[in-house]
Structure formats: structure tokens, C-alpha cells
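The values are calculated or read from the model by the stated rules, or taken from the named source; none is laboratory data. Model, not experiment: these values are computed from the prediction. Here the Cβ is made from the backbone with ideal geometry for all residues, glycine too, and neighbour counts use every protein chain on show.
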Amino acid sequence: MSQIAVQNVSKAWGATRAVDNVSFEAAAASLLVLLGPSGCGKSTTLRLIAGLEQVSSGRISIGGADVTALPPAQRRIAMVFQSYALFPHLTVAENILFGLRVRKVPAAERTRRLARVAALLGLDALLARKPSQLSGGQQQRVALGRAIIAETPVCLMDEPLSNLDAQLRAEMRREIRTLQQKLGITMVYVTHDQSEAMSMADRVILMRDGKVEQAAAPDEIYARPATIFAAKFIGTPPMNILDTGGGVLLGVRPEDAALGDAGLPVRVQSSEFLGADTVVTCAYGNQSLTARVPGKAAYRAGDAVHAGWRPEHLHFFDAASGVRRDDVDANAATAIGLCFA
Amino acid sequence: MHGPETKLATAVVPPPRWRVSPQIHGWLLLLPASVLLATFTHFPAVATIIDSFYSTPKGRRAAVLVGADNYQAMLADPVFWRAVSNNIVYAASVIPLTMALALAMALWVNGRIPGRPFLRLSFFTPTVLPMIAVANIWLFFYAPGYGLLDQMLGALGVPTPNWLGDQHTALICLIAVAVWKDAGFFMIFYLAALQQVSPQLAEAAAIEGASRWYFFRRVTFPLLMPTTLFVLINAIINSFRLIDHVVVMTQGGPDNATALLLFYIYEAGFKFWDTAYAATLTVVLLALLAFFALGQFVVLDRRIHYQ
Ligand SMILES: Nc1ncnc2c1ncn2[C@@H]1O[C@H](COP(=O)(O)OP(=O)(O)O)[C@@H](O)[C@H]1O
Ligand SMILES: [Mg+2]
């Protein structure tokens, strides 16, 4: 049984369709990531699931029950906001307990649950503090605590890590994923950061202009991007898209491209050493092509080299619509000298 | 040696002798404000306290030191006590009513309602009118026979009192004017404070199932406390300070029913020219206000969350 089902949901404000006929499902106890560039309708979709906005059309069900018309409190969800939305005048303990007090949970039960959540998130020493006396990471934990103490089956998160520095972000990413799996929560997680999506998600919904561009597991969306947009959005640096004529665009990931003596003749423009590997940017005619080569590559700007790849690493897209084409024969590409083994 | 070291060395050379020390510099900056405050606030206050221990100079008879005579006369003066009790009733009604109305209006116009700018403006309008003008408008409302109130109630067949001429209603009428005048002004402060409260707090509470009243009680109201303190102090000061409407509408009557403390001071000083007695009354008023201000900052301040 799918825990959350979004069916043909649209949300319009006047002429803008922030969410346009979106459908997807999140399996129980899984982590679903809504991914996409800023303004593509991720937050709106999440808020529709939460009930903070009303759908213009479509249906939303949680745990098999239609919740489309229910207020947020009756949807049995918890939510973590990008700004954390902590109550500034309440202590950490009171912030976490807020919902339990609203629902008049008995004091003994409250104490027990608070102790458990505080231990789980390492907040024991901070319970008497006010939010302003906490670091960003600690505030994030309090917001997380407030969400999980409710013990609701569904937790919604809107870019919860975007206010943290890179290192803390990586740490919290793992922590949230571990927590989600340990507690068996169904989580919908919004982010614009593809690496966050790839590392955390069971399933990624890639959105663009209010529509679903591709819905797939992270490995599949990486291996078989459905459109040029998906191909370029996932992976760093993004996939190279080359126009070789004939109405078909050719895609190859920088990590699948090698520089050597055979393949496309290209000219090195710049190279960026990243430690484990080097990203070399080359020019192919007036198109740009990047290759990720292991170690520290000794290329200099202006060097003439050849870029090549194995046929199975090639992706083909329709030049007009940008949609993936699996009917193109990679061997044909080999035949015209675009591949080398 | 000509390196960066030499440059560093020149940078820490002690300041030249002619430079004014920071202390004197600071005092010079404070001077204009201190002179103005001393001349127009501190000196008159001290002079008033001194005057209250002297008699009123009359003609060629200079003021003589009379000790606490003025204070004894004051304690024996029934009109003084009437003014004090009037002022207590007036303040105890105007302050909570004004603040409650201000908060209610702010909460209302902060919400998503049609015609919001128009509502905000109309609530604020009484504030920009001078009290004299407000008093004149209300004089018409209260006028016996042809006044707005009498016309409306008369149409319904309700018998009406002589609003400002009746001892039992006159003070209430003044209270209504004061509330009407100040609520819009205080609303602006509440509105500004409400707009600082992130809407996500309300959403977070809504997800937890908090009712709007619960959210107001546990979140909005505590977050508004600094504003409430500020408004409270101003409301108290206004309830002792603003008497234009008394002058315009009732002249303290009927039978001192609307005599407020400051109005009585004004009468004593500028109608009866008993300046020493006016000074004595002023000292009482000053002491009262100082007491309130101190109490608020000392007692309430500790229990307020400032962001
Ligand atoms: N309350 C609103 N009123 C009008 N337009 C809105 C509102 N909220 C969002 N939008 C619009 O909907 C689109 C999607 O917004 P959002 O869901 O916040 O994007 P994302 O979270 O993916 O960055 C944007 O174009 C935004 O301007
Ligand atoms: Mg967003």
C-alpha cells in the first residue's frame, strides 16, 4: 500500500500554474525526494500534501484515506520548515513539546517521549535553552525533534538543510536518512540539491515548471535520464550534450568520457583539479565538452587531444523535444567515429 | 629597513597632543541635548518641587517658605481627591480598553481580508486628528437633542441622558473619546510587531492542531509583549497627560465629575493663579508617573522575551 498518493494535482494562482497535473506515489517507510530548480513548484507540492494550501484540482491521499479536503492537523503529518519555524520565546523542550501540549498528551507520556527524542538527537544538554542560543545545526535538530515526537507516520521536509554549511549538511543528511529508516517514517523531502537527492532518496521526483520531468530511483535517473533537462540536472559536472546533426543529440557523462589518442578531436580550454580527479573542459567546434579524468591530469589550455567513450555510455535525445531516444543504435554512432572502446 | 614593518610602526604612533581626549569628545557630543533637556525638563521639574514648598507670590508680597503647608492643604482639598479618583477611574478604563481594541484591530487588519488598506487607514485616521478636533466631533455626537447619539437612539425611542451634562455619564463619554482617539495609534505598533512574526509559526502550529486562540495565547501574545509594554507605558502617560477633550467638552464639570488631575493643575495654575498649589499638584503627578514607569521597567522587563 502506498502511504502517500498524489493524483493529477494542480495548483494555480491566477494565471501561474505552480503545480501542473502532478502525480506520484510514495511507498510506506520510504524517502521520496522532490527535486528541481528554484521555482519549479516543489514547496507548493509539499504544502499541498501538508494541507497548508488547497489544491485547485486533483486528489491527495495519505495512508489510503483521501485527505484532499482535510485541514493539516487531521492529516497525521509532521513538517520541518526551511526556516525551522521554532517559537523564539519558548525553550527547546517547550518547542519540541508544543504539539503534545496542544493534543493534551498526559505529562508522564510527554516526559517519556521528550527524553527519547532528546537522546535520539543529542539535545539533552540544550533543553532549557532558547532557539536564539543555538547554532544553526542545533536549531535544525530541534525542528527535527518537534517533527518526530509527534510519531506521525508521515514527515514532510522543505529544504531543511539549506541554511547549514557544507560539512554540517553532509552530516545531517546521513542523520536524517538514518532516523527515517530507523523510525520507519514515510518522508517527502524537498531539495534543489541533486547530490542531496541522490544520496538520500529511495525515489526521486524531478520537477520542472510545475510538472514531473522524471520519477525514478536515483540510480535509474542517473543511468537513464528521461530528458535532456534530467540529464543536465543530475550529476556534477552535468552531462555533455553534443549536437552531431541528424536531429539527434548525443549525451555522455564527463565521468564516462576519456581523453586520449582516439575519438573526437577537441581542444583543451581549462582544467580543474579536484583531488581524486580532474575536470577538463574542452572545445569541440563551438560546443563545450567536459571530461572527468582520474588523478591530476597534465593538460594545458590549447592542447589538442581526442575525447572518446564506450558505446554503452552514450545517451540519445530527440533534438526537437529533448526526450530520450532508445531506438538509436549506438553502433551507428561507432560507425561514424564517435566512439572508441 | 624599508619593509612593511616600517609602515606598521608609523601606524601605531601615539595621537598628537592637540587631540581632544575621547571622554571630552563624548561630552561635547552630549552637550546640545543635555542643555536642552536641562533647560526645559530638569530645571523646571526641580523648580516645581522647590516652588511647592513656598507660598504663591501675590503682587508685591514675595513667595515665602511655608514647608509642607501646600501639601496639607492639598490633602484637605475635596476637589483634589475628586480629581484623583476621577483620574484613576479614567485611566483604569481607558488603558485596558484602548490596548484591547488596538490589539483586536491589529489582528484583524493583519489577516487576509478584502479592503485591508482601507481598513488600516480608517482605523488610523483618529490618530492624525488633533485632540481638539476630535473633541469637537464628539461634542456633536453627544449634543443633547440634535446630536448623533440622541438622533439615533431617539429614532429607536430610547430615552437618552444629557450625555455630557449628567454626572453619571460625563466621565464615561470622555473615556469613549480617549479610547477612540488612541486605539488606532497603538494599533500601528501592534500591526508592526505582528508583521515581524513569521507566518510559518502559525503554519507549524496549525500542523500540530493548535486552534487560533491557543496559538494566540501561547505564541502571538507572548511575542507581542515588548510592544505591549511600550503601548502600556504610553497609554498610562496619555491617560494623565491628555486633557484637551476635558477643556473642550466639559471644563471639568458637571460638579467636577470630569476633573482629571492635569486639568485641575491647569485650573489652579492658570485660572486661579495659585501657582504654588499648582506646583504641589504637579509634584504629585510627577511622582505618580515616575512610579509607574519604574514599576514597569523593573517588574515587567524581566518577564518579557525580546528578540
Ligand atoms: N502564495 C503564492 N501566490 C502566488 N504564487 C505563488 C505562491 N507561492 C508560490 N507561488 C509561485 O509558484 C511557483 C512555485 O513556487 P514554489 O513551490 O515555492 O517553488 P520551489 O519551492 O520549487 O522553489 C513560483 O513561480 C512562485 O512564484
Ligand atoms: Mg521552495
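For segment A:120-141, the set of residues classified as touching a residue at least 40 places away in the same chain (Cβ under 8 Å), small (G, A, S) and away from every other protein chain (no Cβ under 14 Å) is empty.
When segment B:191-204 is filtered for residues that are under 11 Å from B:L223 (Cβ atoms) and more than 7 Å from chain A (Cβ to nearest Cβ), the ones remaining, listed by number, are B:A193, B:L194, B:Q196, B:V197.
The strands (runs of 3 or more DSSP E) located wholly in segment A:237-282 that include 1 or more residues which are touching a Cys at 6+ places or on another chain (Cβ under 8 Å) occupy A:258-260, A:264-273.
Note on segment A:82-94: among residues that are out of contact with any strand residue (DSSP E or B) (no Cβ under 6 Å at 6 or more places or on another chain) and within 16 Å of ligand 1 (Cβ to nearest atom), the one that is farthest from the other protein chains (Cβ to nearest Cβ) is A:S83. When the test is whether a residue is within 16 Å of ligand 1 (Cβ to nearest atom) and surrounded by 15 or more Cβ atoms within 10 Å (Cβ to Cβ), A:T68 does not pass it.
Which one is nearest to ligand 1 (Cβ to nearest atom) among residues in segment A:201-223 that are surrounded by fewer than 22 Cβ atoms within 10 Å (Cβ to Cβ) and part of a helix (DSSP H, G or I)? Filtering first and then ranking leaves A:P218.
Answer yes or no as to whether B:A155 is over 14 Å from B:L107 (Cβ atoms) and within 15 Å of the chain's Cα centre (by Cα). In short, no. Of the listed requirements (1) surrounded by fewer than 17 Cβ atoms within 10 Å (Cβ to Cβ); (2) within 30 Å of A:D158 (Cα to Cα), A:G235 misses just one: (1). Remark: pairs (first residue in segment A:36-55, more than 7 Å from ligand 1 (Cβ to nearest atom); second residue assigned to a loop (DSSP other than H, G, I, E, B) and aliphatic (A, V, I, L, M); Cβ separation under 6 Å; 6+ apart in sequence or on different chains) = A:L48/A:V55. Note on segment B:210-250: among residues that are polar (S, T, N, Q) and within 11 Å of chain A (Cβ to nearest Cβ), the one that is surrounded by the most Cβ atoms within 10 Å (Cβ to Cβ) is B:T220.
The residues on offer are A:E171, A:E151, A:E159, and the sole one that is within 13 Å of another protein chain (Cβ to nearest Cβ), more than 16 Å from ligand 1 (Cβ to nearest atom) and among the charged types (D, E, K, R) is A:E151.
The criterion of at least 2 residues that are at negative phi, free of Cβ contacts under 8 Å to residues at least 12 places away in the same chain and surrounded by fewer than 13 Cβ atoms within 10 Å (Cβ to Cβ) is met by the following helices (runs of 4 or more DSSP H) wholly inside segment B:101-186: B:116-128, B:148-155. Counting only helices (runs of 4 or more DSSP H) that fall entirely inside segment B:212-307 and contain at least 2 residues that are free of Cβ contacts under 8 Å to residues at least 24 places away in the same chain and under 19 Å from the mean Cα position of the chain (by Cα), the qualifying elements are B:261-270, B:275-295. So B:I207 ticks every box in (1) in contact with a strand residue (DSSP E or B) (Cβ under 8 Å, 6 or more places away or on another chain); (2) more than 14 Å from every other protein chain (Cβ to nearest Cβ); (3) not small (G, A, S) but one. Which box is left unticked? Here B:I207 clears every test but (2). In segment B:49-79, which residues are more than 27 Å from B:A257 (Cβ to Cβ) and among the charged types (D, E, K, R)? Scanning segment B:49-79 gives B:D51, B:K58, B:R60, B:R61, B:D69.
Residues are listed down the side, and each one gets a yes or a no for (1) more than 13 Å from chain B (Cβ to nearest Cβ); (2) charged (D, E, K, R):
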residue: A:G41; (1), (2): yes, no
residue: A:R47; (1), (2): no, yes
residue: A:L52; (1), (2): no, no
residue: A:S57; (1), (2): yes, no
residue: A:S61; (1), (2): yes, no
residue: A:A69; (1), (2): yes, no
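Residue-wise test of (1) within 13 Å of ligand 2 (Cβ to nearest atom); (2) touching an Asp or Glu at 6+ places or on another chain (Cβ under 9 Å).
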site	(1), (2)
A:I4	no, yes
A:E25	no, no
A:G36	yes, yes
A:L48	yes, no
A:F81	yes, yes
A:Y84	no, no
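A residue that is under 22 Å from B:L129 (Cα atoms), away from chain A (no Cβ under 14 Å) and among the small types (G, A, S) cannot be found anywhere in segment B:148-168. Whether any residue in segment A:13-31 is away from ligand 1 (no atom under 16 Å from the Cβ) and over 30 Å from A:K182 (Cα atoms) is what I want to check. Within segment A:13-31 (the criterion being away from ligand 1 (no atom under 16 Å from the Cβ) and over 30 Å from A:K182 (Cα atoms)), the answer is no, since none of the residues qualifies.
The conditions of being farther than 19 Å from A:I49 by Cβ, more than 16 Å from ligand 2 (Cβ to nearest atom), away from chain B (no Cβ under 14 Å) and at pLDDT below 95 are not met by A:G145.
Has segment A:81-89 got at least one residue that is farther than 19 Å from A:E159 by Cα and free of Cβ contacts under 8 Å to residues at least 24 places away in the same chain? There is no residue in segment A:81-89 that is farther than 19 Å from A:E159 by Cα and free of Cβ contacts under 8 Å to residues at least 24 places away in the same chain.
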